Amino acid sequence: MNDKFERFIDRVEQLITRIESILPQPLSAPDWSASVAYRYRKRSSGHGALEPVRHIGAMRLTDLKEIEDQKDKIRRNTEQFVSGKPANNVLLTGARGTGKSSLIKACLNEYSARGLRLIEVDKADLVDLPDIVDVVSGLSEKFIVFCDDLSFEEGEPGYKALKSILDGSVAAATPNVLIYATSNRRHLLPEYMTENLTYSHSEDGEVHPGEVVEEKISLSERFGLWVSFYPFSQDEYLAIVAQWLSSFGVAAEAISAAKPASLVWALERGSRSGRVAYQFARDYAGRDSDQRPVMAPAIAAYERPGAAAAAADPGDQAADHAT
């Protein structure tokens, strides 16, 4: 009888252990000495963990060209934050490939020696943001929670979680945590023409129709600092190409000779972004000198100011004129 009871107890304990292993566990602190950057990952079991990033890109602020105004704003805000002074959450918006994410990574490299740390969180995991903040709130280091390519559709749970953390939670803001987010959308939520239909003066029309629009922009307004990025002109694009080629050790003569090829590269992709410039530089610098493309004389026409813009995407032209 005793043997049967003991076996029963053993099986119950095994069952409890299995149940506990699949239940969500409180977020635990990682080894903070393992890295200066961490990535929040949620497993299929529902357990979340802060995993150290072993290989961090060597991007520096001096590597980023033609975005001096944006760089100055982000550098100043980050300097205030690291120095223990008041600083703002930051929303970086604008054209793709213009250096939004790279600027944040460069700031990490610039200030990590002074205690700056970064935690990357995917949009789908923003509902766990309060748990992440609780884990780091008592530490002496300063943490940037980084959300890349942020945008929401209607009803996504991460929207309200982020909105509460930014400004609106009963809990006081944690002084050693800021949120830096990048997005191609200024207001982070899609806006539709049908929303204008709420502006009705009929008997059953919306009493406060503007509140529909106000809800749309309420999240982005909670970021204290907005930094906008714009498409590059041809001259700016060529300057960025030259900078990256130089960083890869390409000689000055070869950099000058690479201009036509870099313009063709941009035309083929319909974009003169910093990302495209970097990709061209890697391709060009990686070739042997005798394998580098030599453009026909006719391609030199693309070196005339505005010639490449005429063949590029019309949307890029409009954005260039707007700046």
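The values are calculated or read from the model by the stated rules, or taken from the named source; none is laboratory data. Only a predicted model underlies this, so the values are computations on that prediction, with no experimental measurement involved. Using ideal geometry, Cβ is built from the backbone for each residue, glycine included, and neighbour counts are taken over all protein chains shown.
Any idea which of Ala34, Ala58 is loosely packed, with under 11 Cβ neighbours inside 10 Å, under 21 Å from Tyr111 (Cα atoms) and modelled with pLDDT of 75 or more?
Exactly one residue qualifies, and that residue is Ala58.
Residue by residue through segment 127-149, note down the ones that are part of a helix (DSSP H, G or I) and out of contact with any Ser or Thr (no Cβ under 7 Å at 6 or more places or on another chain).
Result: Val127, Asp128, Leu129, Pro130, Asp131, Ile132, Asp134, Val135, Val136.
So which of Val241, Val264 is crowded, with 21+ Cβ neighbours inside 10 Å, at pLDDT 70 or above, among the β-branched types (Val, Ile, Thr) and part of a helix (DSSP H, G or I)?
Only one candidate qualifies: Val241.
Scan Ala312, Ala285, Ala300, Ala254 and give me the residue that is at pLDDT below 90 and touching a Leu at 6+ places or on another chain (Cβ under 8 Å).
Result: Ala312 is the single residue among Ala312, Ala285, Ala300, Ala254 that is at pLDDT below 90 and touching a Leu at 6+ places or on another chain (Cβ under 8 Å).
For segment 121-140: of the residues being of a type outside the set (Val, Ile, Thr) and surrounded by 21 or more Cβ atoms within 10 Å (Cβ to Cβ), which is nearest to the chain's Cα centre (by Cα)?
Looking at residues that are of a type outside the set (Val, Ile, Thr) and surrounded by 21 or more Cβ atoms within 10 Å (Cβ to Cβ), I get Leu126.
Given (1) under 23 Å from the mean Cα position of the chain (by Cα); (2) at pLDDT below 90; (3) surrounded by fewer than 21 Cβ atoms within 10 Å (Cβ to Cβ), identify the lone condition not met by Val213.
For Val213, the exception is condition (1).
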